[in-house]
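Enquirer: Below you will find the structure I want to go over with you.
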Amino acid sequence: MPNKSSQSKKENSEGKAAVEKKSGNAKKTKTKKSAAAKKNGAKAAQTAVTKDTSITKDAAKKNAAKPKRNTKTEKTTKTGKGARAKDAARRQEEAALTGKKPASQPETKQGETSAKTTQKAAKKPSQKASRGKGKKNKITDSVKISFLGGINEIGKNLTLFEYNDEMIIVDCGMSFPDADMPGVDYVLPDFTFLERNARKIKAVFITHGHEDHIGALPYFLKTVNVPVYCTCLTAGLIKGKLKEHRMLGSCKLVEIRPGDVISTGEFSVEAIHVNHSIPDSLAYAIRCGAGLIVHTGDFKIDNTPIDGGVIDLPRFAELGNEGVLCLMSDSTNAERPGYTPSERNVGETLEALFRGAGEKRIIVASFASNIHRIQQIVDASVKMNRKIFLSGRSLENVVSVSMELGYLTVPDGILLPIDRLKNYTDSQTVIITTGSQGEPMSALSRMAQSDHRKVTVGNNDYIIISATPIPGNEKTVSNTINDLMKLGAEVAYEKTLGIHVSGHAAQEDQKLIINLVRPKYFIPVHGEQKHLRKHAASAASVGIPEENIVIPELGALIEVSEDGIARTGTVPAGRVFIDVSGMGDVGNSVLQDRKKLSTDGIVIITAVVDSYSGQLLYPPEVQSRGIVFSSNANAFSSYISDRCGEVFREYSRYVQLDIPALKSRVRDTVAKVIFDKTRRAPVIVVTVLSV
Ligand SMILES: [Zn+2]
Ligand SMILES: [Zn+2]
């Protein structure tokens, strides 16, 4: 998926041109206030950000931005007293429990135009009709949230919001395959439900540029081409993907900044700055007639961030005052007590390690997308008078995009092509590499296998793995470390304090967000079941009534309104496997075949029949690979051949030869014979030639 670094510069300028061209009448806006203040100069100089006319600056400050339908919701923000009163009323409602309050939306109705009210009244019947059966709570005027990914898993995040026949999507990510998915490169969410509702979908909002949030976008946009809203760096990374898929010119990518509000009609979506392990990350405040929903995206609270400013906690608090119907929050680190340390801590550790390396060559492995980490490695290298070389395509790509967009600052003459490595002594050198997760094909793994074309690891190497293994990768990471040590290298890894910090909020950070936002309902997202449960427990511990917390499942459709929250249905959701080298989608059956091939082998049966009589002309030929027969293999083959012959003779009695039926009958017969003898279920291929 990473593209060649040599292309990315060109790609980006082309990308910008494409975006600008498409929104020809769009305003060019300059930020006066942005969390990433330092970046602004660079960005503005480089390209005035193109925006849709519907985007406006800082909705909190200027009411002009609001979509007509949601004016009332925003008005509440302005009146502190009103908000508090509303909040109190809300708390009372909570106590009285949900679902039994048919007429409980006075505030939300007030500011509404009559047009809107009529429209709503008109739409209600159909809305009710479309709802699932067996629903206990009567929820009217609800927003429907469905979860197509990111639930019971870390990866392929995709959440769908529907209100009044209009849909928006937050994130469109992929995940990486497990060990039991041979030959699969990526795993995508199932788009069936989205394709079915393509007409309703208005836009995709991306929280940040990690693969589990953007990886599936090109595949999604191929079927449903709608505008994609994201920040500058995220856009840079998405453009690389679109370019790879040759769809840069046909997609509409709109850059937004924290404070911007985008209106799609029924929805108005406000971008909020958060901290995370990639710059330019957003949370979203999503407004619709049903109320205000806050989706945190991936986030952490970093009081001393490397760049881009502290997470906009005041805005979260303001939204809390306004009255938040539902909070959806990142659960990744819900098991971790306390607070997640600042990224800056890693800088201090890195500097100490760099000093300790003495005359040795330094090799640092990190996540390619962790630009703040890379910035700190760069800073430490500059201090120690070392030159930097990059190894790994994804790293080269991200570094080049980030430098170009002003997210990474590297003094001239520090970053050199890896071909020039040989011109510098070990003590003058830092190599930044991918492979911190022990990925088999990564640069660090190649170094560990003495299989890297440019870097030979030996006893004058000091290797720092500035990451912790993602659950499931522990073994491969540990193998890589062992292999590097066998080559004589010194390796500092997760056991070294402060060598890595997480990009996700820990328990106390998560509680702080819940306390600031004070939602009526809470939905933990982004995590495995254990993370979601822990996060739900944290929410309960800070006073969210348990009946107001819903742990979703993959494919769950949850309806939320002032009346209550309930799971009212299921939508198609699952995994789609992508084999990049092959033809694209790998169906479940293909995956099963691959598993069977790897464990149980293959049997190929070829038969030749007379096209007139349907009679078998020769005994069927049987070939097998990867199957061990306890007895004589030839005898077994001829036994299978005989059994096939019987099936053919039985079928040739019919007037018309039904070849597909015949093949499937042969396959079943052979499968049974082999399973009886060997307890294996190989892939069976039957070919019938009629001559
Ligand atoms: Zn992330
Ligand atoms: Zn994520």
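The numbers here are math on the coordinates, done by the rules we state, and not lab data. Just so it is clear, the structure is predicted and the values come from calculations on it, not from any experiment. Cβ atoms come from the backbone with ideal geometry, glycine included; neighbour counts cover every protein chain shown.
Enquirer: Using amide H atoms built in the peptide plane, which far-off residues or other-chain residues are under 5 Å from D260 H to H?
Expert: D58, A271
Enquirer: So, one more: For V609, enumerate residues with amide H under 5 Å from its amide H, sequence gap 5+ or separate chain, H modeled in the peptide plane.
Expert: Distant-sequence amide H within range of V609: L617, L689, S690, V691.
Enquirer: Which of K144/K475; K300/K530; K241/K454; K156/K200 have a Cα-Cα distance over 31 Å? Don't skip to the answer; put the middle values down first.
Expert: Details: K144/K475 41 Å; K300/K530 19 Å; K241/K454 27 Å; K156/K200 22 Å.
Going by Cα-Cα distance, K144/K475 fall outside the 31 Å limit.
Enquirer: Any idea how far apart D451 and T687 come out in nm if each label point goes 7 Å out from Cα toward Cβ?
Expert: Once both label points are built, they end up 3.2 nm from each other.
Enquirer: Calculate one ³J(HN,Hα) per residue across region 243-253 by plugging θ = phi - 60° into the Karplus curve 6.51 cos²θ - 1.76 cosθ + 1.60, and present them in order as whole Hz with x for glycine and proline.
Expert: 4, 4, 8, 6, 10, 4, x, 9, 10, 9, 10
Enquirer: Now a separate question. What nm value, rounded to one decimal, do you get for the distance between N225 and N385 when each label is placed 7 Å out toward the C-beta?
Expert: Distance between label points: 5.7 nm.
Enquirer: By a straight-distance test (C-alpha under 14 Å), which aspartates and glutamates pair with K239 as possible cross-link partners, with residues fewer than eight away in the same chain excluded?
Expert: E11, E14, E20, E211, E255, E404
Enquirer: Right, here's the next one. Could you pull out every residue, at least 5 positions away or on a different chain, whose amide H is within less than 5 Å of the one on I431? Hs are placed 1.01 Å off N in the peptide plane, and Pro or chain starts have none.
Expert: Counting only residues 5 or more places away or on other chains, the set is I362, I363, V364, F389.
Enquirer: Calculated FRET efficiency, M403 and R344, Cβ-Cβ r, R0 30 Å, to nearest 0.05?
Expert: On the way: r = 21 Å, r/R0 = 0.70.
Step by step, r from the Cβ atoms, then E = 0.90.
Enquirer: Show me 531-538, 227-234 ranked by packing, highest mean number of other Cβ atoms within 10 Å first. List each step's numbers first, then the result.
Expert: Values: 531-538: 21.1, 227-234: 25.1.
Top to bottom by mean Cβ count within 10 Å: 227-234, 531-538.
Enquirer: Treat each spin label as a single point 7 Å out from the Cα along the C-beta direction, and report the E490 to Q592 distance in nm.
Expert: Taking the two extended label points, one gets 5.5 nm.
Enquirer: Next question. Which ³J(HN,Hα) values in Hz, rounded to whole numbers, follow from the phi angles of region 202-210 under the Karplus curve 6.51 cos²θ - 1.76 cosθ + 1.60, where θ = phi - 60° and Gly and Pro get x?
Expert: Ordered by residue, 3J(HN,Hα) equals 9, 6, 10, 10, 9, 7, 6, x, 6 Hz.
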